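Visitor: This is the structure I have questions about; it appears just below.
The values are calculated or read from the model by the stated rules, or taken from the named source; none is laboratory data. Values in this document were obtained by computation on a predicted structure and should not be read as measured data. Note: ideal-geometry Cβ built from the backbone for every residue, glycine included; neighbour counts use all protein chains shown. The protein model used for the area step is the full one, side chains on, heavy atoms only, and it has no ligands, DNA or RNA in it. Shrake-Rupley method; radii C 1.70, N 1.55, O 1.52, S 1.80 Å.
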Amino acid sequence: MVGAHAERGWARNVHLPALSASRDEYEIIAVAGTSRESAWAAARVWGAQHAFDDARAIMTHPQVDLITIAVQLPQRDGLVEAAIAAGKHVYSEWPLALNAEIAERFRAGAQAAGVRHAVGLQSRHHPAVRYLRDLIADGLVGEVLSTSLTYSLATPEVWSQRYAALFDHTKGVNHVAVVGGHCLDMYRSIVGDFTELSATLTTRIRRVTLQETGNEIEVTSPDQIVVAGLLESGAASSVHLMTGGPQGDGLRIEVHGRAGRLILRSTDDSLVGPEFVLTHARVNGSPVERLTVPMRYQSALTGAPSPVSNVHQVYADLARTIRTEQTFEPDFATAVRTHRLLDTIKQSADMGERQRLP
(Lines give C-alpha, C1' and ligand atoms only; values in the text may rest on other atoms or scores of the structure.)
Protein backbone atom coordinates (compact mmCIF):
# COMPACT_ATOMS: atom_id res chain seq x y z
CA MET A 1 0.00 0.00 0.00
CA VAL A 2 1.54 3.26 -1.16
CA GLY A 3 -0.06 6.06 0.82
CA ALA A 4 -0.69 4.11 4.02
CA HIS A 5 -1.08 6.22 7.15
CA ALA A 6 -1.55 5.25 10.77
CA GLU A 7 -4.28 7.77 11.61
CA ARG A 8 -5.95 9.41 8.61
CA GLY A 9 -6.60 9.41 4.89
CA TRP A 10 -8.62 7.53 2.29
CA ALA A 11 -6.35 4.49 2.43
CA ARG A 12 -6.59 4.30 6.23
CA ASN A 13 -10.36 4.80 6.37
CA VAL A 14 -11.45 2.84 3.29
CA HIS A 15 -8.79 0.53 1.84
CA LEU A 16 -7.71 -0.84 5.23
CA PRO A 17 -11.19 -2.02 6.35
CA ALA A 18 -11.93 -3.28 2.82
CA LEU A 19 -8.75 -5.36 2.82
CA SER A 20 -9.26 -6.48 6.41
CA ALA A 21 -12.56 -7.99 5.27
CA SER A 22 -10.74 -9.80 2.44
CA ARG A 23 -8.27 -11.84 4.50
CA ASP A 24 -9.06 -15.01 2.54
CA GLU A 25 -7.69 -13.39 -0.61
CA TYR A 26 -5.27 -10.68 0.48
CA GLU A 27 -2.45 -10.22 2.96
CA ILE A 28 -0.99 -6.76 3.57
CA ILE A 29 2.76 -7.28 3.24
CA ALA A 30 4.30 -3.82 2.93
CA VAL A 31 3.42 -0.14 3.24
CA ALA A 32 5.13 3.04 2.11
CA GLY A 33 4.91 6.42 3.81
CA THR A 34 6.54 9.84 3.63
CA SER A 35 9.18 8.98 6.27
CA ARG A 36 10.58 5.89 7.92
CA GLU A 37 8.83 6.76 11.19
CA SER A 38 5.41 7.32 9.60
CA ALA A 39 5.80 4.18 7.47
CA TRP A 40 6.50 1.98 10.49
CA ALA A 41 3.64 3.60 12.42
CA ALA A 42 1.35 2.71 9.52
CA ALA A 43 2.78 -0.81 9.30
CA ARG A 44 1.79 -1.46 12.92
CA VAL A 45 -1.79 -0.34 12.26
CA TRP A 46 -2.04 -2.13 8.89
CA GLY A 47 -0.44 -5.34 10.16
CA ALA A 48 2.30 -5.17 7.52
CA GLN A 49 5.66 -6.91 7.83
CA HIS A 50 7.65 -4.28 5.93
CA ALA A 51 7.68 -0.48 5.81
CA PHE A 52 9.48 1.89 3.44
CA ASP A 53 9.95 5.62 3.06
CA ASP A 54 10.46 5.14 -0.69
CA ALA A 55 7.48 3.78 -2.61
CA ARG A 56 9.73 2.35 -5.31
CA ALA A 57 11.27 -0.02 -2.79
CA ILE A 58 7.94 -1.85 -2.68
CA MET A 59 7.93 -2.34 -6.43
CA THR A 60 10.67 -4.98 -6.45
CA HIS A 61 9.81 -6.69 -3.15
CA PRO A 62 9.52 -10.44 -3.91
CA GLN A 63 6.53 -11.00 -1.57
CA VAL A 64 4.41 -8.29 -3.18
CA ASP A 65 2.00 -9.29 -5.97
CA LEU A 66 -0.31 -6.25 -6.05
CA ILE A 67 0.47 -2.59 -5.39
CA THR A 68 -2.27 -0.16 -4.42
CA ILE A 69 -1.31 3.45 -5.13
CA ALA A 70 -3.45 5.60 -2.83
CA VAL A 71 -1.60 8.92 -3.01
CA GLN A 72 -2.93 11.97 -4.85
CA LEU A 73 -2.04 12.38 -8.50
CA PRO A 74 0.47 15.26 -8.00
CA GLN A 75 2.53 13.01 -5.67
CA ARG A 76 2.20 9.93 -7.87
CA ASP A 77 4.68 10.77 -10.63
CA GLY A 78 6.12 7.59 -12.13
CA LEU A 79 4.63 5.15 -9.61
CA VAL A 80 2.10 3.47 -11.92
CA GLU A 81 4.76 2.97 -14.59
CA ALA A 82 7.22 1.63 -12.00
CA ALA A 83 4.73 -0.93 -10.70
CA ILE A 84 3.94 -2.11 -14.23
CA ALA A 85 7.63 -2.31 -15.11
CA ALA A 86 8.19 -4.45 -12.02
CA GLY A 87 5.47 -6.86 -13.19
CA LYS A 88 3.12 -6.10 -10.30
CA HIS A 89 -0.66 -5.91 -10.53
CA VAL A 90 -1.83 -2.34 -9.87
CA TYR A 91 -4.80 -0.70 -8.17
CA SER A 92 -4.56 3.06 -8.69
CA GLU A 93 -6.76 5.67 -7.09
CA TRP A 94 -8.70 8.06 -9.31
CA PRO A 95 -7.72 10.11 -11.27
CA LEU A 96 -5.45 7.65 -13.03
CA ALA A 97 -3.64 10.35 -15.04
CA LEU A 98 -3.77 13.94 -16.24
CA ASN A 99 -5.61 13.00 -19.43
CA ALA A 100 -6.85 10.14 -21.60
CA GLU A 101 -3.63 9.93 -23.62
CA ILE A 102 -1.52 9.17 -20.55
CA ALA A 103 -4.18 6.84 -19.15
CA GLU A 104 -4.17 4.90 -22.42
CA ARG A 105 -0.39 4.58 -22.18
CA PHE A 106 -0.80 3.04 -18.72
CA ARG A 107 -3.49 0.67 -19.98
CA ALA A 108 -1.41 -0.45 -22.96
CA GLY A 109 1.68 -0.87 -20.78
CA ALA A 110 -0.20 -3.02 -18.28
CA GLN A 111 -1.64 -5.16 -21.05
CA ALA A 112 1.79 -5.65 -22.62
CA ALA A 113 3.27 -6.58 -19.24
CA GLY A 114 0.47 -9.03 -18.51
CA VAL A 115 -0.50 -7.37 -15.22
CA ARG A 116 -4.06 -6.83 -13.99
CA HIS A 117 -5.27 -3.39 -13.03
CA ALA A 118 -8.05 -1.55 -11.23
CA VAL A 119 -8.91 2.12 -10.74
CA GLY A 120 -10.69 3.85 -7.87
CA LEU A 121 -14.04 4.50 -9.58
CA GLN A 122 -15.82 2.21 -7.18
CA SER A 123 -19.16 4.08 -6.91
CA ARG A 124 -20.49 2.11 -9.89
CA HIS A 125 -20.56 -0.87 -7.50
CA HIS A 126 -23.09 0.72 -5.13
CA PRO A 127 -26.06 -1.71 -4.85
CA ALA A 128 -28.62 0.96 -5.81
CA VAL A 129 -26.55 1.99 -8.83
CA ARG A 130 -26.29 -1.60 -10.10
CA TYR A 131 -30.00 -2.20 -9.48
CA LEU A 132 -30.97 0.93 -11.43
CA ARG A 133 -28.72 -0.12 -14.31
CA ASP A 134 -30.45 -3.51 -14.50
CA LEU A 135 -33.96 -2.03 -14.25
CA ILE A 136 -33.24 0.14 -17.28
CA ALA A 137 -31.69 -2.74 -19.21
CA ASP A 138 -34.70 -4.95 -18.37
CA GLY A 139 -37.06 -2.34 -19.83
CA LEU A 140 -38.92 -1.23 -16.70
CA VAL A 141 -39.43 2.27 -18.14
CA GLY A 142 -39.45 1.18 -21.77
CA GLU A 143 -37.48 3.07 -24.40
CA VAL A 144 -35.35 5.69 -22.66
CA LEU A 145 -36.13 9.18 -23.97
CA SER A 146 -33.90 11.32 -21.76
CA THR A 147 -31.67 11.18 -18.71
CA SER A 148 -30.25 13.79 -16.37
CA LEU A 149 -27.64 14.06 -13.64
CA THR A 150 -27.28 16.84 -11.08
CA TYR A 151 -24.86 16.96 -8.18
CA SER A 152 -24.34 19.80 -5.71
CA LEU A 153 -21.70 19.86 -3.01
CA ALA A 154 -21.32 22.29 -0.13
CA THR A 155 -17.77 23.63 0.15
CA PRO A 156 -16.12 25.75 2.85
CA GLU A 157 -14.46 29.10 2.29
CA VAL A 158 -11.35 28.05 4.28
CA TRP A 159 -9.30 25.03 3.21
CA SER A 160 -6.24 23.18 4.47
CA GLN A 161 -3.07 23.67 2.46
CA ARG A 162 -3.10 20.00 1.46
CA TYR A 163 -6.16 20.67 -0.73
CA ALA A 164 -4.64 23.61 -2.63
CA ALA A 165 -4.26 21.56 -5.83
CA LEU A 166 -8.05 21.26 -5.98
CA PHE A 167 -8.23 24.89 -7.10
CA ASP A 168 -5.52 24.74 -9.78
CA HIS A 169 -6.73 23.91 -13.29
CA THR A 170 -3.28 22.56 -14.24
CA LYS A 171 -3.45 19.86 -11.57
CA GLY A 172 -5.21 16.57 -12.09
CA VAL A 173 -7.21 16.69 -8.85
CA ASN A 174 -9.49 19.67 -9.44
CA HIS A 175 -13.29 19.56 -9.48
CA VAL A 176 -13.51 18.56 -13.15
CA ALA A 177 -11.28 15.55 -12.57
CA VAL A 178 -12.47 14.44 -9.13
CA VAL A 179 -16.14 15.46 -8.92
CA GLY A 180 -16.62 15.10 -12.67
CA GLY A 181 -14.82 11.77 -12.85
CA HIS A 182 -16.68 10.06 -10.01
CA CYS A 183 -20.13 11.41 -10.93
CA LEU A 184 -19.84 10.86 -14.67
CA ASP A 185 -18.40 7.36 -14.41
CA MET A 186 -21.27 6.34 -12.13
CA TYR A 187 -23.74 8.00 -14.50
CA ARG A 188 -22.41 6.42 -17.68
CA SER A 189 -22.32 3.00 -16.00
CA ILE A 190 -26.11 3.41 -15.63
CA VAL A 191 -27.23 5.14 -18.84
CA GLY A 192 -24.38 4.48 -21.28
CA ASP A 193 -21.79 6.69 -22.94
CA PHE A 194 -22.15 10.04 -24.64
CA THR A 195 -21.72 10.13 -28.41
CA GLU A 196 -21.71 13.95 -28.67
CA LEU A 197 -21.89 16.84 -26.24
CA SER A 198 -21.65 20.57 -25.64
CA ALA A 199 -20.14 21.82 -22.39
CA THR A 200 -19.73 25.00 -20.37
CA LEU A 201 -17.20 25.37 -17.55
CA THR A 202 -17.04 28.41 -15.32
CA THR A 203 -15.50 29.48 -12.02
CA ARG A 204 -17.85 31.36 -9.70
CA ILE A 205 -15.85 31.24 -6.46
CA ARG A 206 -12.59 32.89 -7.47
CA ARG A 207 -10.65 33.00 -4.20
CA VAL A 208 -10.34 30.71 -1.15
CA THR A 209 -8.41 31.04 2.11
CA LEU A 210 -5.76 28.62 3.34
CA GLN A 211 -6.26 27.59 6.94
CA GLU A 212 -2.61 27.33 7.96
CA THR A 213 -1.52 30.77 6.71
CA GLY A 214 -4.70 32.79 6.33
CA ASN A 215 -3.56 33.66 2.80
CA GLU A 216 -5.99 33.80 -0.09
CA ILE A 217 -5.24 31.93 -3.32
CA GLU A 218 -6.76 32.42 -6.74
CA VAL A 219 -9.07 29.67 -7.97
CA THR A 220 -8.43 28.73 -11.60
CA SER A 221 -10.34 25.44 -11.78
CA PRO A 222 -14.06 25.40 -12.71
CA ASP A 223 -16.64 24.89 -9.99
CA GLN A 224 -19.62 24.72 -12.39
CA ILE A 225 -19.71 21.92 -15.01
CA VAL A 226 -22.62 21.92 -17.45
CA VAL A 227 -22.99 19.30 -20.22
CA ALA A 228 -25.75 18.56 -22.73
CA GLY A 229 -25.67 15.90 -25.43
CA LEU A 230 -26.83 12.57 -26.80
CA LEU A 231 -26.16 9.05 -25.51
CA GLU A 232 -25.41 5.91 -27.51
CA SER A 233 -29.05 4.93 -27.08
CA GLY A 234 -30.10 8.18 -28.78
CA ALA A 235 -31.54 9.56 -25.53
CA ALA A 236 -30.99 13.22 -24.70
CA SER A 237 -28.86 13.86 -21.62
CA SER A 238 -28.04 16.80 -19.39
CA VAL A 239 -25.52 17.11 -16.55
CA HIS A 240 -24.90 19.91 -14.06
CA LEU A 241 -22.23 19.47 -11.38
CA MET A 242 -22.18 22.29 -8.83
CA THR A 243 -19.58 22.87 -6.12
CA GLY A 244 -19.48 25.84 -3.79
CA GLY A 245 -22.00 27.51 -1.54
CA PRO A 246 -23.08 26.68 2.00
CA GLN A 247 -25.45 23.81 1.26
CA GLY A 248 -25.33 20.89 -1.15
CA ASP A 249 -28.17 18.57 -2.12
CA GLY A 250 -26.12 15.64 -3.33
CA LEU A 251 -26.75 13.52 -6.39
CA ARG A 252 -29.90 13.02 -8.46
CA ILE A 253 -30.24 10.85 -11.58
CA GLU A 254 -33.49 10.80 -13.55
CA VAL A 255 -34.28 8.33 -16.34
CA HIS A 256 -37.38 9.23 -18.32
CA GLY A 257 -38.83 6.49 -20.53
CA ARG A 258 -41.94 5.81 -22.59
CA ALA A 259 -43.31 3.56 -19.84
CA GLY A 260 -42.32 5.50 -16.73
CA ARG A 261 -39.63 7.32 -14.81
CA LEU A 262 -36.87 6.22 -12.41
CA ILE A 263 -35.17 8.62 -10.00
CA LEU A 264 -32.09 7.84 -7.92
CA ARG A 265 -31.47 10.44 -5.21
CA SER A 266 -28.79 10.55 -2.53
CA THR A 267 -29.65 11.40 1.06
CA ASP A 268 -26.64 13.69 1.53
CA ASP A 269 -24.03 15.47 -0.58
CA SER A 270 -21.22 12.94 -0.13
CA LEU A 271 -19.35 12.36 -3.40
CA VAL A 272 -18.16 8.78 -2.84
CA GLY A 273 -20.16 7.61 0.18
CA PRO A 274 -23.84 8.44 -0.34
CA GLU A 275 -26.87 6.39 0.50
CA PHE A 276 -29.60 6.38 -2.13
CA VAL A 277 -33.38 6.40 -2.46
CA LEU A 278 -34.74 4.89 -5.69
CA THR A 279 -38.28 5.66 -6.88
CA HIS A 280 -40.39 4.52 -9.82
CA ALA A 281 -43.32 6.37 -11.41
CA ARG A 282 -45.57 4.68 -13.98
CA VAL A 283 -47.31 6.37 -16.90
CA ASN A 284 -50.83 5.70 -15.63
CA GLY A 285 -50.66 8.22 -12.82
CA SER A 286 -50.38 5.66 -10.00
CA PRO A 287 -48.53 6.77 -6.86
CA VAL A 288 -44.75 6.99 -6.97
CA GLU A 289 -43.27 3.77 -5.61
CA ARG A 290 -40.12 3.58 -3.52
CA LEU A 291 -38.09 0.57 -4.65
CA THR A 292 -36.17 -1.65 -2.26
CA VAL A 293 -32.85 -2.93 -3.56
CA PRO A 294 -33.04 -6.76 -3.63
CA MET A 295 -30.73 -8.72 -1.37
CA ARG A 296 -28.78 -10.13 -4.33
CA TYR A 297 -27.39 -6.63 -4.95
CA GLN A 298 -26.39 -5.99 -1.35
CA SER A 299 -22.79 -5.93 -0.26
CA ALA A 300 -21.23 -8.88 1.51
CA LEU A 301 -20.05 -6.41 4.18
CA THR A 302 -23.19 -5.93 6.24
CA GLY A 303 -23.25 -2.57 7.96
CA ALA A 304 -20.09 -1.23 6.32
CA PRO A 305 -20.11 2.33 4.92
CA SER A 306 -20.75 2.33 1.18
CA PRO A 307 -17.18 3.47 0.22
CA VAL A 308 -15.74 0.50 2.13
CA SER A 309 -18.16 -2.04 0.65
CA ASN A 310 -17.69 -0.63 -2.87
CA VAL A 311 -13.90 -0.80 -2.63
CA HIS A 312 -14.17 -4.28 -1.12
CA GLN A 313 -16.06 -5.34 -4.26
CA VAL A 314 -13.28 -3.93 -6.47
CA TYR A 315 -10.72 -5.98 -4.55
CA ALA A 316 -12.88 -9.11 -4.82
CA ASP A 317 -13.26 -8.66 -8.58
CA LEU A 318 -9.56 -7.92 -8.99
CA ALA A 319 -8.61 -11.12 -7.13
CA ARG A 320 -10.90 -13.11 -9.41
CA THR A 321 -9.38 -11.42 -12.46
CA ILE A 322 -5.84 -12.22 -11.32
CA ARG A 323 -6.79 -15.88 -10.90
CA THR A 324 -8.86 -16.30 -14.06
CA GLU A 325 -7.58 -13.54 -16.40
CA GLN A 326 -11.16 -12.41 -16.98
CA THR A 327 -11.81 -8.72 -17.46
CA PHE A 328 -13.79 -6.53 -15.07
CA GLU A 329 -14.58 -2.91 -14.35
CA PRO A 330 -13.44 -0.44 -13.13
CA ASP A 331 -10.02 -1.05 -14.68
CA PHE A 332 -7.60 1.13 -16.62
CA ALA A 333 -9.83 0.84 -19.71
CA THR A 334 -12.66 2.29 -17.61
CA ALA A 335 -10.33 5.11 -16.61
CA VAL A 336 -9.40 5.80 -20.24
CA ARG A 337 -13.06 6.16 -21.23
CA THR A 338 -13.81 8.44 -18.28
CA HIS A 339 -10.72 10.55 -18.93
CA ARG A 340 -11.71 10.78 -22.60
CA LEU A 341 -15.14 12.07 -21.62
CA LEU A 342 -13.61 14.70 -19.33
CA ASP A 343 -11.10 15.72 -22.02
CA THR A 344 -13.96 16.15 -24.50
CA ILE A 345 -15.93 18.26 -22.02
CA LYS A 346 -12.93 20.56 -21.56
CA GLN A 347 -12.34 20.74 -25.30
CA SER A 348 -15.97 21.64 -25.97
CA ALA A 349 -15.89 24.35 -23.31
CA ASP A 350 -12.58 25.77 -24.61
CA MET A 351 -13.68 25.84 -28.24
CA GLY A 352 -17.32 26.71 -27.68
CA GLU A 353 -18.31 23.94 -30.07
CA ARG A 354 -20.18 20.64 -29.93
CA GLN A 355 -17.84 17.64 -29.87
CA ARG A 356 -18.27 14.02 -30.90
CA LEU A 357 -16.78 11.15 -28.91
CA PRO A 358 -15.30 8.03 -30.51
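Visitor: Tell me which GluC sites (Glu not before Pro) from region 146-236 have a DSSP coil assignment and no more than 16 other beta carbons within 10 Å of their own.
Guide: The qualifying sites are GLU157, GLU212, GLU232.
Visitor: Could I have the simple spin-label model distance between GLU25 and ARG320, label points 7 Å from Cα toward Cβ, reported in nm to one decimal?
Guide: 0.8 nm
Visitor: Another question about this same structure. Give, rounded to the nearest 20 debye, the magnitude of the charge dipole that region 1-157 has about its Cα centre when Lys and Arg contribute +1 at Cβ and Asp and Glu contribute -1 at Cβ. Intermediate values should be presented prior to the final figure.
Guide: Details: 14 positive and 17 negative charges, 35 e Å.
Dipole magnitude for region 1-157 comes out near 180 debye.
Visitor: In addition: Counting only the heavy atoms of the protein chains, how much of ASP350 is accessible to a 1.4 Å probe, in Å² to the nearest 10?
Guide: Rounded to the nearest 10, the figure is 130 Å².
Visitor: To the nearest 500 deg cm²/dmol, what mean residue ellipticity at 222 nm is calculated for the chain from DSSP H runs of n ≥ 4 alone, each contributing -39,500 (n - 2.57), summed and divided by the residues?
Guide: Values: 9 runs with 108 residues, N = 358.
Helices in the chain give a 222 nm mean residue ellipticity of -9500 deg cm²/dmol.
Visitor: How would LEU210, LEU271 rank on accessible area, largest to smallest, probe 1.4 Å?
Guide: LEU271, LEU210
Visitor: Ok, one more. Roughly how many Å is it from the Cα centre of region 86-122 to that of region 184-250, as a whole number?
Guide: Their Cα centres are 24 Å away from one another.
Visitor: When only DSSP loop residues count, what GluC sites (Glu not before Pro) in region 255-335 have their Cβ near at most 12 other Cβ atoms within 10 Å? Can you show the working numbers first?
Guide: Details: sites: GLU275, GLU289, GLU325; in loops: GLU275, GLU325.
Filter output for region 255-335: GLU325.
Visitor: Also, I was wondering about something else. Over the chain, average the accessible area per residue using a 1.4 Å probe and give it in Å², no decimals.
Guide: Values: 16430 Å² over 358 residues.
Ligands and nucleic acids excluded, the figure is 46 Å² per residue.
Visitor: Would you rank MET59, MET242, MET351 by solvent-accessible area, highest first, keeping every protein chain in place and using a 1.4 Å probe? Before the final figure, lay out each step's value.
Guide: Details: MET59 5, MET242 55, MET351 100 Å².
Heavy-atom accessible area, descending, gives MET351, MET242, MET59.
Visitor: Here is a further query. Residue separation times 0.36 nm, minus the C-alpha to C-alpha distance between VAL293 and ILE205: what's the value? Walk me through the numbers before you get to the answer.
Guide: Numbers: separation 88, 0.36 × 88 = 31.68 nm, distance 3.83 nm.
Gain on extension, VAL293 to ILE205, equals 27.9 nm.
Visitor: With +1 on each Lys and Arg Cβ and -1 on each Asp and Glu Cβ, how big is the dipole of region 222-358 about its Cα centre, in debye rounded to the nearest 20? Mind dumping the intermediate values first?
Guide: Numbers: 14 positive and 15 negative charges, 100 e Å.
Its charge dipole is roughly 480 debye.
Visitor: Further question on the same structure: Taking the Cα centre of the chain as origin, work out the dipole magnitude from +1 charges on Lys and Arg Cβ and -1 charges on Asp and Glu Cβ, in debye rounded to 20. It would help to have the intermediate numbers written out before the result.
Guide: Details: 34 positive and 39 negative charges, 89 e Å.
Charge dipole, the chain, about its Cα centre: 420 debye, nearest 20.
Visitor: Report the per residue volume, in Å³, of the convex hull enclosing the C-alpha atoms of region 16-80. Intermediate results must be reported in sequence, preceding the final value.
Guide: Numbers: hull volume 5.9 nm³, N = 65.
Expressed per residue, the convex hull around the Cα atoms of region 16-80 is 90 Å³.
Visitor: Oh, and also: Return the carbon/sulfur percentage of the accessible area of the chain, one whole number, probe 1.4 Å, all protein chains in place. Please list the in-between numbers first.
Guide: Working: 7890 of 16430 Å².
Ligands and nucleic acids excluded, carbon and sulfur give 48 percent.
Visitor: Kirkwood hydrodynamic radius for region 140-209: how many Å is it when counted over pairs of different Cα atoms? Please list the in-between numbers first.
Guide: Working: mean 1/r = 0.0678 Å⁻¹.
Computed over Cα pairs of region 140-209, the Kirkwood hydrodynamic radius comes out at 14.8 Å.
Visitor: Another question, if that's okay. Restricting attention to region 1-109, which GluC sites (Glu not before Pro) occupy a DSSP loop and are surrounded by at most 15 other Cβ atoms within 10 Å? Please list the in-between numbers first.
Guide: Details: sites: GLU7, GLU25, GLU27, GLU37, GLU81, GLU93, GLU101, GLU104; in loops: GLU7, GLU25, GLU27, GLU93.
Answer by residue number: GLU7, GLU25, GLU27.
Visitor: Hey, another quick one. Would you grab the residues whose amide H sits under 5 Å from the one on TRP159? Only those 5+ places off in sequence or on another chain, please, with H modelled 1.01 Å from N.
Guide: THR209, LEU210, GLN211
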